[in-house]
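The values are calculated or read from the model by the stated rules, or taken from the named source; none is laboratory data. Every value quoted in this text rests on a predicted model; they were computed, and no experiment measured them. Here the Cβ positions follow ideal geometry from the backbone for every residue, glycine too, while neighbour counts run over all protein chains shown. In case anyone asks, the SASA skips ligands and DNA or RNA and just uses the protein heavy atoms, side chains included. Shrake-Rupley method; radii C 1.70, N 1.55, O 1.52, S 1.80 Å.
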Protein chains: 2
Amino acid sequence: MSDYRRILLVVDLTEDSMLIGRCARALAAAVGAEVELLHVVEFVPVEPMGETLMPSVQIEDELLDRARQRLAVLGNELGVPPAACRVESGNVKAEIVRIARERHADLIVLGSRERHGLSILVNFTEDTVLHAAPCDVLAVRVGRP
Amino acid sequence: MSDYRRILLVVDLTEDSMLIGRCARALAAAVGAEVELLHVVEFVPVEPMGETLMPSVQIEDELLDRARQRLAVLGNELGVPPAACRVESGNVKAEIVRIARERHADLIVLGSRERHGLSILVNFTEDTVLHAAPCDVLAVRVGRP
């Protein structure tokens, strides 16, 4: 439980991802773990509105391609080999837990934002992951003032 | 953010505390951080019911004393010096955040239990701490089957 061997670094590909990535990398270096990168593309189902300019399958493929390219850039900057960079599509929380199990991750690293007011009532990704995860979870504080 | 210097280890003094403590200690050793121990005694306000056998102030003092003794034993087993072992009373979540700020902790380590069903709707300590914390939070999975 204390000797982390495989860290699953979950990024949303925002500007905070590099910050969280550096944190995970430093931790991995300190404890001698390897890092795998995960980004999940969650498709919001769109109701058909008569004519569409592009079939939805094609839009999804383009979103996935773009995510893969951006994750590859991030992986390169963080020194994570391409084979350890993964883009999945589906429910974000479910995919994180699924991949963590599948890859036998012993630590999930993700970002956490400060909450105020009503938003505290909503179940955010990090909360759900926290309780469904098969392993430890490190929430890296991002978006500090 | 990645180079942790001061880890605030929060324990509820259940049997899981040693497990979480070992995890925090191993991490601290790996990254070269120091560990401070915190236990918070939350007093449930009791309505006066006529005669009481003991004044409530005395009960509180005894609870605090007992907690201090148990925390000292745990601190000793984990190699945390007595000066770095702290028992506070009040709201658990508020005290964790307050002490984290006061002690300039850059990582809070606490336990997290798996949730099922309705309990996922309740705001647990680790959720609240996750979003109110001034620093990163490591949730160590306990109570695995």
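Between residue A:98 and residue B:29, what's the calculated FRET efficiency when r is the beta-carbon distance and R0 is 35 Å? Round to 0.05. Please report the intermediate quantities before stating the final value.
Values: r = 32 Å, r/R0 = 0.92.
Computed FRET efficiency for residue A:98 and residue B:29 comes out at 0.65.
What number comes out for the charge environment of residue B:103, summing +1 per Lys or Arg and -1 per Asp or Glu over other residues with Cβ under 14 Å away? The answer is -1. With label points defined 7 Å past Cα in the direction of Cβ, position residue A:60 shows copy-to-copy spacings of 5.9 nm, given to one decimal and shortest first. In order along the stretch B:5-10, the phi-based Karplus estimate (6.51 cos²θ - 1.76 cosθ + 1.60, θ = phi - 60°) of 3J(HN,Hα) comes to 10, 10, 9, 9, 9, 9 Hz; Gly and Pro are listed as x. Once backbone amide H atoms are built at 1.01 Å from N, residue A:111 has A:140 as its partners under 5 Å, excluding neighbours fewer than 5 places away on the same chain. Computed from backbone phi with θ = phi - 60° and the Karplus coefficients 6.51, -1.76 and 1.60, the 3J(HN,Hα) list for the stretch A:63-80 is 4, 5, 4, 5, 4, 5, 4, 5, 5, 5, 4, 4, x, 4, 5, 8, x, 9 Hz; x is used for glycine and proline. With each label point set 7 Å from Cα along the Cα-Cβ vector, what nm distance links residue B:72 and residue B:113? Using points 7 Å along Cα→Cβ, the separation is 2.9 nm. Chain A and chain B together bury an accessible surface of about 2700 square angstrom, both sides counted, with a 1.4 Å probe and no ligands or nucleic acids included. Near residue B:85, the amide H atoms lying under 5 Å from its own belong to B:37; only residues 5 or more places off or on other chains count, and H is placed 1.01 Å from N.
Inter-copy label distances at residue A:32, using a point 7 Å along Cα-to-Cβ, come to 1.8 nm with the shortest given first.
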